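The values are calculated or read from the model by the stated rules, or taken from the named source; none is laboratory data. Quick caveat, the model's predicted, so the values are computed rather than measured. Glycine gets a Cβ as well: all are built from the backbone with ideal geometry, and neighbour counts include every protein chain shown. Areas reflect the complete protein model, heavy atoms only, side chains present, ligands, DNA and RNA absent. Shrake-Rupley method; radii C 1.70, N 1.55, O 1.52, S 1.80 Å.
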Amino acid sequence: MSDPVVRARPLQPRAIDLAGLNEAQRRAVEAIDGPVLVLAGAGTGKTRVLTTRLAYILATGRAFPPEILAVTFTNKAAREMRERLEAMIGRAAEGVWLGTFHAIASRVLRRHAETIGLRPSFTILDPDDQLRLLKQILQAENINERQWPARLLLAQIQRWKDRGLGPEKVPAADAGHFARGRAISLYRQYQERLATVNAVDFGDLLLHNLALFTGNPDILAEYQRRFRYLLVDEYQDTNIAQYLWLRLLAQQRRNLCCVGDDDQSIYSWRGAEIGNILRFEKDFPGATIARLEQNYRSTPHILGAAGGMITHNRGRLGKTLWTRASSGDKVVVRPVWDAEDEARWVGDEIEALQRLGHALSEVAILVRAGSQTREFEERFITLALPYRVIGGPRFYERQEIRDALAYLRLINLPSDDLAFERVVNKPRRGIGSAAMQELHSLARDERLPLVEAARGMIASDRLRPAARNALAAFISALDGWRGQAERVPHTELVQIVLDESGYTAMWQADRSPDAAGRLENLKELVVAMAEFENLGGFLEHVGLVMDNAAEAGGDMVNLMTLHSAKGLEFDTVFLPGWEDGLFPNQRAMDDNGLSALEEERRLAYVGLTRARQRAFISFAANRRIHGQWQNTIRSRFVDELPLEHIEIVAELGLQPASGWDAGWAQAVEVPPDAWQPAAAPRRPLLLNSGPVPRRGEEVRKVGGFAVGDRVFHQKFGYGSITAVEDNKLAIHFDVAGDKKIMDAFVEHAA
């Protein structure tokens with residue numbers, strides 16, 4: 001190989017201090033030889049163990065720096081590990097192969113590029129270049145890119161690469177419906193085009209490594225000899241390609257140490273395969289399993305609540321976190337009336353903490369869906385409470401919201417040139433840069449707003465027919481929407497605009513991971529608009545919000561999704577929106593069933609274990625979904641929290657008599673006798689569904705049935721109605737459990 005192993009003098013064993021490790025950590029560090037799986041629970045010091053293990057290998061002379069491979073998922077984690085390692089060994093960690101999967105794979109690939117038909121100077125394409133290349137291929141194949149978006153094809157190709165499948169290995173049955181089954185052929189052309197221009201994408205780095213190793217046993221053998229020890233961080237997040245790559249490298253020496261937590265595997269949507277960590281013992285017989293269970297972050301009540309909930313997952317290896325810390329506060333569980341009430345309560349609690357000297361930067365609000373941040377942002381602005389959105393922009397700064405607002409601004413004020421420029425070709429209408437240059441030229445010459453310049457351009461022959469027709473259609477649509485604005489409610493208008501403009505359809509056709517979230521945000525925009533009497537009032541409010549956001553700085557509350565919170569920790573954590581359908585997420589469960597439910601539960605576990613001192617969980621009785629009020633059911637995860645570790649805090653200072661049902665009944669001002677006795681088995685309770693804009697409305701009967709009625713079904717037997725929605729009944733059967741039944745198939749119990 002081009003870089004021979006440099007023999008450096010090993011450190012003395014005494015240079016590495018193991019005295020500060022607990023017993024389990026020390027065992028994980030000292031179990032050097034053979035395969036090792038370190039199950040590191042949240043807050044148990046996994047980074048310390050991984051780094052100390054690496055230093056210990058060097059200090060004991062078992063390997064020289066170039067004989068160690070340490071793989072992480074992020075550059076930040078790699079930098080942190082290198083810094084800690086160098087602090088431990090007292091010198092630069094030169095020679096250690098320490099980096100992300102992609103960085104290491106790229107390094108290997110550049111050394112052997114010619115073996116697989118590339119030059120060492122190959123380019124790594126970014127997503128924009130990938131899309132541009134795929135669009136060229138679609139155009140050459142006469143495939144309508146509007147009907148079959150390149151972004152959709154790219155997402156499918158990436159999924160295949162995450163599974164380690166080149167075009168020749170993708171089963172014909174996996175071709176799917178893209179371009180009527182032509183996805184595999186297009187994938188092959190994409191790979192050929194990449195090779196022609198001496199380029200790869202990120203998925204190729206691992207894919208080409210796999211081809212290199214499996215097709216060249218001599219090269220694989222060299223790396224197997226080189227790397228005496230392999231260390232892997234966050235093993236639960238590996239995809240199949242990464243798993244295959246690691247297994248190939250570890251086959252000969254079997255000195256593979258993987259550190260991870262099966263209870264924190266939350267990234268299946270981007271290719272992570274939890275089965276990799278669950279089958280470690282099967283893949284590496286005789287492996288040592290080291291469990292890190294002593295937690296240095298959270299209180300016993302937080303750990304007890306999270307631990308009791310996660311035990312409901314079947315797909316886990318099992319561990320029980322504990323701590324020597326004092327008990328601390330119980331996890332507060334708060335039923336609220338609606339999302340506005342929830343935001344008000346959270347704001348009040350944060351202000352109370354702030355008065356006690358609590359830093360806002362040590363407060364986090366973790367939501368399941370990005371659209372949930374809107375109510376909190378509005379409330380915090382009202383309270384003048386500074387906040388930051390981590391992992392994404394504030395609600396009104398998000399791309400899809402800015403686009404929708406630009407349409408509305410243009411309807412409200414036709415001379416808004418910035419809004420015109422933003423949406424005139426979004427979604428694409430064939431109004432390109434050349435057409436816009438002509439339009440700007442005319443607007444400057446005639447001193448006209450762009451929309452009026454466009455009218456003049458349509459009447460002239462300065463544009464090509466296709467661009468002129470597209471511009472005419474856009475102006476005509478604007479005029480139509482402006483006319484409708486005088487007749488229809490502004491909440492209805494925005495939905496008409498988004499649908500007729502093709503903007504909603506654009507995101508519906510997008511198969512990128514964030515497309516669904518963007519659609520949810522657009523629905524949340526409609527909810528936000530409903531709080532204002534007219535379009536002008538809403539747009540004025542948004543302007544004030546944006547001005548306020550620009551002034552924010554310093555000590556701020558953290559707002560983020562649960563996925564963005566992994567790896568972080570805060571003194572105080574709020575977990576709002578724990579309602580079935582929202583969390584666990586119904587769309588995820590519809591797509592992937594039980595495996596999705598278990599991943600949602602792991603996400604709840606991650607959220608709870610971000611808290612050091614106190615955690616608050618809330619769920620609403622009513623939530624406006626897609627502009628319609630709906631009664632909700634508390635999340636099943638709430639029911640899985642051990643009662644000894646939680647405190648149910650009801651509204652109006654009412655203390656629940658006992659158990660969930662009494663507490664929830666008081667919280668929503670429903671007489672306790674309307675619910676099952678507290679001694680009954682704990683199960684989700686549904687309120688009547690349908691529009692519920694006011695508190696105190698009576699439960700309405702539907703088809704002669706009402707919540708609480710006893711009914712009989714020929715197959716499922718006797719049960720009690722827990723919710724009614726039109727002619728659908730949610731029923732808890734005494735033996736069969738929870739079912740949804742049409743009212744025609746049940747009768748009142750005798």
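Of the candidates Phe280, Phe227, the single residue that is more than 15 Å from Leu39 (Cβ to Cβ) and touching a strand residue (DSSP E or B) at 6+ places or on another chain (Cβ under 8 Å) is Phe227. Checked against the criteria, Arg334 counts as basic (Lys, Arg) and outside any loop (DSSP other than H, G, I, E, B). Taking every residue in the range 210-229 that is closer than 17 Å to Gly95 by Cα and pairing it with any residue that is crowded, with 16+ Cβ neighbours inside 10 Å and of a type in the set (Val, Ile, Thr), at least 6 positions away or on another chain, the pairs with Cβ-Cβ distances below 8 Å are Tyr223/Val108; Phe227/Ile68; Arg228/Ile68; Tyr229/Ile32; Tyr229/Ile57; Tyr229/Ile68. Considering each residue of the range 315-337 in turn, none proves to be under 30 Å from Leu522 (Cβ atoms), acidic (Asp, Glu) and either open to solvent by 20 Å² or more (accessible area, probe 1.4 Å) or in contact (Cβ under 8 Å) with a residue 40 or more places away in the chain (or both).
Here is a yes/no grid of residues against (1) within 24 Å of Arg270 (Cβ to Cβ); (2) surrounded by fewer than 16 Cβ atoms within 10 Å (Cβ to Cβ):
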position	(1), (2)
Gln136	no, yes
Gln147	no, yes
Leu152	yes, no
Val170	yes, no
Asp174	yes, yes
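Has the range 57-64 got any residue that is part of a loop (DSSP other than H, G, I, E, B), out of contact with any helix residue (DSSP H, G or I) (no Cβ under 6 Å at 6 or more places or on another chain), within 30 Å of Ala183 (Cα to Cα) and not polar (S, T, N, Q)?
Checked against the condition, which is being part of a loop (DSSP other than H, G, I, E, B), out of contact with any helix residue (DSSP H, G or I) (no Cβ under 6 Å at 6 or more places or on another chain), within 30 Å of Ala183 (Cα to Cα) and not polar (S, T, N, Q), the range 57-64 yields no hits at all.
Of the candidates Ala406, Ala343, Ala384, the single residue that is small (Gly, Ala, Ser), at pLDDT below 90 and over 30 Å from Ile277 (Cα atoms) is Ala384. Could you check, for the range 228-241, whether at least one of its residues is more than 18 Å from Arg279 (Cα to Cα) and open to solvent by 40 Å² or more (accessible area, probe 1.4 Å)? Checking the range 228-241: at least one residue is more than 18 Å from Arg279 (Cα to Cα) and open to solvent by 40 Å² or more (accessible area, probe 1.4 Å).
If you take the residues of the range 176-196 that are touching a Leu at 6+ places or on another chain (Cβ under 9 Å) and modelled with pLDDT under 90, which of them is least open to solvent (accessible area, probe 1.4 Å)? Step by step, filter the range 176-196, then rank; the result is Ala179. If you go through the range 268-319 and keep only what is among the basic types (Lys, Arg) and in contact with a Lys or Arg (Cβ under 6 Å, 6 or more places away or on another chain), you end up with Arg291, Arg297, Lys319. Scoring Ala19 on the criteria (1) in a loop (DSSP other than H, G, I, E, B); (2) within 16 Å of Leu231 (Cα to Cα); (3) open to solvent by 60 Å² or more (accessible area, probe 1.4 Å) leaves a single failure, condition (2).
In the range 500-519, is there at least one residue being over 17 Å from the mean Cα position of the chain (by Cα) and in a loop (DSSP other than H, G, I, E, B)? Taking every residue of the range 500-519 in turn, at least one turns out to be over 17 Å from the mean Cα position of the chain (by Cα) and in a loop (DSSP other than H, G, I, E, B). Restrict the check to the range 68-86 and report whether at least one residue is more than 31 Å from the chain's Cα centre (by Cα) and loosely packed, with under 14 Cβ neighbours inside 10 Å. No: zero hits. On inspection, Gly456 fails the criterion of being at positive phi and out of contact with any His (no Cβ under 6 Å at 6 or more places or on another chain). Candidates are the residues of the range 553-566 that are open to solvent by 40 Å² or more (accessible area, probe 1.4 Å) and of a type in the set (Gly, Ala, Ser); the one that is modelled with the lowest pLDDT is Gly553.
Considering the range 257-294, the residues that are charged (D, E, K, R) and assigned to a helix (DSSP H, G or I) include one that is most open to solvent (accessible area, probe 1.4 Å), namely Lys282.
Against the definition (open to solvent by less than 50 Å² (accessible area, probe 1.4 Å) and of a type in the set (D, E, K, R)), how does Arg429 come out, yes or no? Spelling it out, Arg429 is indeed open to solvent by less than 50 Å² (accessible area, probe 1.4 Å) and of a type in the set (D, E, K, R). Any residue at all in the range 39-56 that's more than 24 Å from the chain's Cα centre (by Cα) and farther than 18 Å from Gly99 by Cα? Scanning the range 39-56 turns up at least one residue that is more than 24 Å from the chain's Cα centre (by Cα) and farther than 18 Å from Gly99 by Cα. Those strands (runs of 3 or more DSSP E) of the range 602-661 in which 1 or more residues are among the β-branched types (Val, Ile, Thr) and at pLDDT 90 or above occupy 611-620, 646-648. Filtering the range 76-132 to residues that are assigned to a helix (DSSP H, G or I) and in contact with an Asp or Glu (Cβ under 7 Å, 6 or more places away or on another chain) leaves Ala77, Gln130.
Selection of the range 133-163 for residues being of a type in the set (Val, Ile, Thr) and either touching a strand residue (DSSP E or B) at 6+ places or on another chain (Cβ under 6 Å) or in a helix (DSSP H, G or I) (or both) yields Ile137, Ile157.
Where helices (runs of 4 or more DSSP H) fall wholly inside the range 164-238, the ranges with 3 or more residues that are among the small types (Gly, Ala, Ser) are 183-196, 202-215. Checked against (1) touching a strand residue (DSSP E or B) at 6+ places or on another chain (Cβ under 7 Å); (2) buried (at least 18 other Cβ atoms within 10 Å of the Cβ), Gln372 passes all but condition (1).
For the range 705-750, a tally of residues being exposed (fewer than 15 other Cβ atoms within 10 Å of the Cβ) and at pLDDT 80 or above returns 6.
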